[in-house]
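Chemist: Here you go, one structure.
Derivation of every value follows stated rules applied to the coordinates shown; laboratory data play no part. Owing to the predicted nature of the structure, the values given are computational and were not obtained by experimental measurement. All Cβ positions, glycine included, derive from the backbone under ideal geometry; neighbour counts span all protein chains shown.
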Amino acid sequence: MKKKVGFKTLGCRLNQFETDALASKFVGLGYEVAEDSRNADVFVVNTCTVTNQSDQKSRSVVNKAINQGHTGMMIITGCMANHHKEQLEKRYPNAYVVNNEQKSAIPQLVEAHFNKEILPANESKGGVFSYVPAAETFHTRSMIKIQDGCDNYCTFCIIPKVRGRAVSRSVDDILENIRQVVGFGYKEVVITGVNISRYLSDGVGFSGLLKQIVDIDLDFRVRISSIEPDSFDDDFFKLLEHPKITPHLHLCLQSASESVLLQMRRMYTYKLYKRIVEKLRNINPLFNITTDIIVGFPGETESDFAQSLSALEELGFGHVHTFKYSKREDTRAARMTKVIDEREKSKRSELMRQKSLHAKIKYRQQFIGQSLSVLIDTVKDDFSKGYGEYYVPVKINQKLEKNHLHTLTITGIETGGDDPCLIAERIAL
Ligand code: SF4
């Protein structure tokens, strides 16, 4: 009987890449990926710790599995394992708590467990890049990890503590990973890491790497995932005109107030951020810019907040992730005294969400009458859904082939909900 392994992944695309690769490794070792934890021999929870809520969500996943009677092997890994190792080991004494550095060695750890062996230290070392190209994944896009860790130390951020210093994967390894997953049938690869614009390996920077990726002589498109708006060079902007690279960037702003950006120790000014947006819209007036904004950062005044609100209008964001500032111990911001009370934070967050939904609908309405190349990732009896090159969701009331790029013409936009889909028809060209 094949052993079953179940997964639950929280947080970012980096975690998704790692879970996808682990799932593929387990399948290679003869395991079957389980639908849910209940009947799994092994259950891997890949946690996130970026906010207090992420910790709570991670714990509730583990608690739920235990309450639902999971009696198999439990592995808690990911950034919360790095951040709260002792707490997790005390709270879940029957679970293995595996940090990010050793995460890639989890299949060996599981095999040793079932063979009642102790895993030799050199085998449990893992390595942040020791992952196999993922054939079996939970996604229609293939995540490609190019970098890990961060040296920026923004004052609110716990990631450098849990993901370590910035390290970059070798160019050859990345190119080979992409060739393999395109060989497995993936049509879109998502370039991911913690701070990818700071990629540097043997003298090759982020633009140099992107150039080599688009030069791979295979049919696929490239999506760049979350990126910090610093160290963009002219080559980078030139490359964004390449037909393989999708016209969308998740460009983290966090605040539009220069004084708050300074307190956050961000590596750019709002003025510079605006110039980057202008350059992107010069490349393509519909270029989709999505972003993260923190409200209620210590010391954020009404006028600081108002500047972030007006940035939504000024820059025409396609989507905004709004975060209420979440105090993380061991960060510099945790020692800042001008704390904004929870009710005020909630009020600002609600205002930001309303305004960003308005900006999103306004941005998406521009696509009516346009044709988009849509990668279908969901197929139901009477409709199919996917994302176009601008990373806007598109729905069509037809059954289309999954994991295939379809040219669809946008005829309208859904009303209601906080993520209105574009409505499409397949018009014979
Ligand atoms: S750039 Fe700043 S926010 Fe992003 S991971 Fe690094 S420290 Fe955190």
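Chemist: For Lys85 and Leu286, calculate 0.36 nm times their separation in residues minus their Cα-Cα distance, and state this gained length in nm to one decimal.
Modeler: Numbers: separation 201, 0.36 × 201 = 72.36 nm, distance 4.47 nm.
Value of the extension gain: 67.9 nm.
Chemist: With charges set only on the Cβ (+1 for Lys and Arg, -1 for Asp and Glu), what does the dipole of region 4-123 come to about its Cα centre, in debye to the nearest 20? All intermediate terms of the calculation are to be shown ahead of the outcome.
Modeler: Details: 13 positive and 13 negative charges, 82 e Å.
Dipole about the Cα centre, nearest 20: 400 debye.
Chemist: Loop only per DSSP, at most 11 neighbouring Cβ atoms within 10 Å: give me the GluC sites (Glu not before Pro) in region 92-147, ordered by residue number.
Modeler: Working: sites: Glu101, Glu111, Glu117, Glu123, Glu136; in loops: Glu117, Glu136.
Sparse-neighbourhood loop GluC sites (Glu not before Pro): Glu117.
Chemist: Among bridges DSSP assigns within region 168-326, what percent are antiparallel (round to 5)?
Modeler: Working: 2 of 18 bridges.
Around 10 percent of the beta bridges assigned by DSSP in region 168-326 are antiparallel ones.
Chemist: I need the Debye-formula profile for the chain: one equal scatterer per C-alpha, no solvent, reported as log10 I(q)/I(0) at q = 0.07, 0.12 1/Å, two decimals.
Modeler: Scattering profile of the chain, log10 relative to I(0): -0.36, -1.12.
Chemist: Return the single residue from Ile106, Ile368, Ile227 with maximal mean-square fluctuation; model: Gaussian network over the chain, springs between Cα atoms under 10 Å.
Modeler: The residue with the greatest mean-square fluctuation here is Ile368.
Chemist: Need the full-extension length gain, Glu350 to Asn152, defined as separation in residues times 0.36 nm minus the C-alpha distance. One decimal, nm. Before the final figure, lay out the partial values.
Modeler: On the way: separation 198, 0.36 × 198 = 71.28 nm, distance 2.91 nm.
Roughly 68.4 nm would be gained on extension.
Chemist: Determine one quarter of the surface area of the Cα convex hull of region 272-367, which equals its mean projected area, and express it in nm² to one decimal.
Modeler: Values: hull surface 27.0 nm².
If I average the Cα hull's projected area over directions, I get 6.7 nm².
Chemist: Whole-Hz ³J(HN,Hα) for each residue in region 177-190, computed from phi via Karplus 6.51 cos²θ - 1.76 cosθ + 1.60 with θ = phi - 60°, x for glycine and proline: what do you get?
Modeler: Here the 3J(HN,Hα) series is 4, 5, 4, 5, 6, 5, x, 6, x, 6, 9, 9, 10, 10 Hz.
Chemist: I've got another one for you. How many nm is it between the label spots at Thr407 and Gln366, if each spot is 7 Å from the Cα in line with the beta carbon?
Modeler: 2.2 nm
Chemist: Using 15 Å as the cut-off for backbone N distance, which residues of region 214-247 belong to the label zone defined by a point 7 Å from the Cα of Lys279 along Cα→Cβ?
Modeler: 227-242
Chemist: Go ahead and estimate [θ] at 222 nm for the chain from helices alone: -39,500 (n - 2.57) per DSSP H run with n ≥ 4, summed, over the residue count, rounded to 500. Walk me through the intermediate numbers first.
Modeler: Values: 13 runs with 145 residues, N = 429.
Rounded to the nearest 500, it is -10500 deg cm²/dmol.
Chemist: With N residues in region 1-84, what two-decimal value do you get for its Cα radius of gyration over 2.2 N^0.38 Å?
Modeler: Normalised by 2.2 N^0.38 Å, the Cα Rg of region 1-84 equals 1.06.
Chemist: If you don't mind, another one. Can you give me the Rg/Rh ratio for region 37-163, using Cα atoms for both radii and the Kirkwood formula for Rh? It would help to have the intermediate numbers written out before the result.
Modeler: Details: Rg = 15.2 Å, Rh = 15.8 Å.
Checking Rg against Rh, the ratio lands at 0.96.
Chemist: Using Cα positions and a limit of under 24 Å, work out the lysines in reach of Lys116, with same-chain residues fewer than 8 apart set aside.
Modeler: Within the straight-line limit of under 24 Å, Lys116 reaches these lysines: Lys2, Lys3, Lys4, Lys25, Lys85, Lys90, Lys103, Lys125.
Chemist: Same structure, new question: So, counting K/R as plus one and D/E as minus one, what does the shell of residues with Cβ under 11 Å around His83 add up to? Numbers along the way, then the final one.
Modeler: Numbers: positive: Lys85, Lys161, Arg163, Arg328; negative: Asp55, Glu86, Glu329, Asp330.
Around His83, the surrounding residues sum to 0.
Chemist: With a 10 Å radius around each residue's Cβ, average the other Cβ atoms per peptide and rank 66-75, 287-296, highest first.
Modeler: Details: 66-75: 15.5, 287-296: 22.3.
My ranking of the peptides, most packed first, is 287-296, 66-75.
Chemist: So, one more: Starting from the amide H of Val374, placed 1.01 Å from N in the peptide plane, find each other amide H under 5 Å away whose residue is 5 or more places distant or on another chain.
Modeler: His406, Thr407, Leu408
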